[in-house]
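Asks: Dropping a structure here in structure tokens format, bear with me for questions.
The values are calculated or read from the model by the stated rules, or taken from the named source; none is laboratory data. Being a predicted model, the structure only gives us computed values, none of them experimental. Note that we place each Cβ from the backbone using ideal geometry, even for glycine, and neighbour counts take in every protein chain shown.
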Amino acid sequence: MSSDTALLSRIDHLVVLMLENRSFDNMLGFLYTDQGNHPSGRPFEGLTGAESNPDGNGGKVTVFPIDHTKSGAYFMPGSVPGEEYHRVNNQLFGSQQVPTPAPEATNEGFVTDFAQIFPTRQGNSPDVTASDIMGCFPPEALPVLSGLARGYAVCDHWYCSVPTQTLPNRGFALAGTSLGLVSDRACQNQAKTDKVMFNTDSIFGRLTHQGIGWVIYGYNLPPLTKANFPDTRGAGDQHFGQFIDFKHAAATEGSLPAFTFLEPAWKHDGNSQHPNDDVASGEQLILDVYNALRTGPDWAKTLLVITYDEHGGCYDHVPPPAGAAPPDQKAGEAGFDFTRFGVRVPTVLVSPLIARGTVFNVPGDSVPLDHTSVLKTIQQRWGVLPLTARDEAAPGIGGVLTLDEPRDDNPLDGVIVPVAKGENPARAVTSHLETVYNDLVAEHVLPSA
């Protein structure tokens, strides 16, 4: 038995909350800047405040902390950045077309790409500028996420699985593959054709086969994930619910299954934190999830993973690594070979078996953490077989559970959730994922609410 597997044996419930479209620097880059990015003497790959991007006019735009006391701060960057595969290439390499193998990324195209994209987006703040993409939230702006990151563990080298949009990354997170797709549109079209987005086994089918419990919770609608795989679309109603059901199972009944997957509300007035959603509403969601688990009878044996499916075009200064294991040997959409990871995303690990102030990482010679590390962790804990070569190669996260006895303190004691000031410029705009959801309902892929 590996050391990670031995540590994981104390966990009976793995809960994943996957939010939307924020980079690591955008949400947690300033987490330990006040400590020189060496909390308790441990290195942390955060911002110094000197990072910059060319502005396209011979100048530079320096990263800056968002002033959360100002109107509109929690709707930053004020417009939906580019998140499509070719736009991510532009942000990382300065070109929409990237050869294979790709050169080392510079991460110097965020400002110029944002300048190109925001005039075409609906629901922009009227005073949005290209420099706004370099704004990042300081810890005091996000007391819940930052409080959990400091109070438990933060992963400063967790990458989304694909340098592109939401749905391919969610495919990797739950099945170790997107079946070659790198665009949400292609996933949406596939769902219309096959009645599922990814016609492949998922972790949910693997768990069902071994008699291990799982539930997917939407927020206030049936979950979008139900449409992702044959083994979720065909699963019984007991495997699906909404957030109120999750809170009851976690805090009241103590009836959490082995694996719980949580979705946010997809609308622009929801809590997914997708630009231009209200980031403060997402803080409330994170707190509600944490409190439901912490006050429930299963808390001592629970591990919560808070992560984001992709960076959504938000600035990050760390070049994504190559060396990713492709799930198969087929060329993908746009010629992508799946041998490089996407941009860093915020990931926080929460359990009473985690020491306060942990910066969790894997050795430098290891494959880095990415979304398929969740799959690997499930495989290590419950003996489930790998789904693809990607999750087989991924490291798990059991090593973060270093305490012999569960803690009884609450790092968020007294924390007050922020409230956004000003009007969301995108409040009346139908969000991209809401459009996908509504389309799948209309196609009878998902049930109507």
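Asks: Could you list, in sequence order, all residues of region 189-204 that are surrounded by fewer than 20 Cβ atoms within 10 Å (Cβ to Cβ) and either in contact with a helix residue (DSSP H, G or I) (Cβ under 6 Å, 6 or more places away or on another chain) or acidic (Asp, Glu) (or both)?
Replies: Residues satisfying the conditions are ASP194, ASP201.
Asks: Same structure again: Regarding THR177, is this residue within 19 Å of the chain's Cα centre (by Cα), farther than 20 Å from LEU19 by Cβ and either crowded, with 24+ Cβ neighbours inside 10 Å or in contact (Cβ under 8 Å) with a residue 12 or more places away in the chain (or both)?
Replies: yes
Asks: Name the one entry in ILE212, ILE244, ILE216 that is among the β-branched types (Val, Ile, Thr), at pLDDT 95 or above and in a helix (DSSP H, G or I). Spell out the reasoning first.
Replies: Working: ILE212 fails: in a helix (DSSP H, G or I); ILE216 fails: in a helix (DSSP H, G or I).
Going through ILE212, ILE244, ILE216 in turn, just one is among the β-branched types (Val, Ile, Thr), at pLDDT 95 or above and in a helix (DSSP H, G or I): ILE244.
Asks: Can you spot a residue in region 121-133 that is touching a residue at least 60 places away in the same chain (Cβ under 8 Å), surrounded by fewer than 22 Cβ atoms within 10 Å (Cβ to Cβ), out of contact with any helix residue (DSSP H, G or I) (no Cβ under 6 Å at 6 or more places or on another chain) and on the phi > 0 side of the Ramachandran plot?
Replies: yes
Asks: Let me ask something else. When both residues are 6+ apart or on different chains and their Cβ atoms are under 8 Å apart, which pairs have a first residue that lies in region 310-324 and is farther than 23 Å from SER79 by Cβ and touching a residue at least 40 places away in the same chain (Cβ under 8 Å), and a second that is surrounded by fewer than 23 Cβ atoms within 10 Å (Cβ to Cβ) and of a type in the set (S, T, N, Q)?
Replies: Correct list of pairs: VAL318/ASN107; PRO319/THR106; PRO319/ASN107; ALA322/THR339; GLY323/THR339; ALA324/THR339.
Asks: Could you tell me whether region 34-47 includes any residue that is among the hydroxyl-bearing types (Ser, Thr, Tyr) and modelled with pLDDT of 95 or more?
Replies: No.
Asks: Follow-up. In region 309-324, is there at least one residue being touching a helix residue (DSSP H, G or I) at 6+ places or on another chain (Cβ under 9 Å) and outside any loop (DSSP other than H, G, I, E, B)?
Replies: Scanning region 309-324, I find no residue that is touching a helix residue (DSSP H, G or I) at 6+ places or on another chain (Cβ under 9 Å) and outside any loop (DSSP other than H, G, I, E, B), so the answer is no.
Asks: Condition first: touching an Asp or Glu at 6+ places or on another chain (Cβ under 8 Å), outside any loop (DSSP other than H, G, I, E, B) and among the small types (Gly, Ala, Ser). Now tell me which residues in region 406-449 satisfy that.
Replies: Within region 406-449, none qualify.
Asks: Within region 180-198, take every residue that is among the polar types (S, T, N, Q) and not in a loop (DSSP other than H, G, I, E, B) and give me the one that is nearest to the chain's Cα centre (by Cα).
Replies: GLN188
Asks: Taking the condition under 21 Å from ARG344 (Cβ atoms), in a loop (DSSP other than H, G, I, E, B) and touching a helix residue (DSSP H, G or I) at 6+ places or on another chain (Cβ under 9 Å), does LEU47 pass?
Replies: yes
Asks: For region 93-178, which helices (runs of 4 or more DSSP H) that fit wholly inside it have 2 or more residues that are closer than 23 Å to SER79 by Cα and modelled with pLDDT of 95 or more?
Replies: Hits in region 93-178: 110-117, 166-175.
Asks: Same structure, new question: Looking at THR358, THR388, THR347, THR307 in this structure, which one is more than 14 Å from CYS155 (Cβ to Cβ) and either out of contact with any Lys or Arg (no Cβ under 9 Å at 6 or more places or on another chain) or of a type in the set (Ser, Thr, Tyr) (or both)?
Replies: Details: THR358 fails: more than 14 Å from CYS155 (Cβ to Cβ); THR347 fails: more than 14 Å from CYS155 (Cβ to Cβ); THR307 fails: more than 14 Å from CYS155 (Cβ to Cβ).
So the residue among THR358, THR388, THR347, THR307 that is more than 14 Å from CYS155 (Cβ to Cβ) and either out of contact with any Lys or Arg (no Cβ under 9 Å at 6 or more places or on another chain) or of a type in the set (Ser, Thr, Tyr) (or both) is THR388.
Asks: What number of residues within region 143-173 satisfy the criterion of being farther than 16 Å from ILE397 by Cα and of a type outside the set (Ser, Thr, Tyr)?
Replies: Result for region 143-173: 16.
Asks: Among all residue pairs at least 6 apart or on different chains, which show Cβ distances below 6 Å where the first residue, located in region 414-438, is at positive phi and the second is buried (at least 18 other Cβ atoms within 10 Å of the Cβ) and part of a loop (DSSP other than H, G, I, E, B)?
Replies: Within 6 Å, the pairs are GLY422/GLY72.
Asks: Still on this structure: State all residues of region 65-120 that are out of contact with any Ser or Thr (no Cβ under 8 Å at 6 or more places or on another chain), farther than 18 Å from SER281 by Cα, among the hydrophobic types (A, V, I, L, M, F, W, C) and surrounded by 18 or more Cβ atoms within 10 Å (Cβ to Cβ); if no residue qualifies, say none.
Replies: Residues satisfying the conditions are VAL98, ALA105, PHE110.
Asks: Still on this structure: Among residues belonging to region 279-337 that are within 25 Å of GLY364 (Cα to Cα) and among the β-branched types (Val, Ile, Thr), point out the one that is surrounded by the fewest Cβ atoms within 10 Å (Cβ to Cβ).
Replies: Taking the candidates together, the pick is VAL318.
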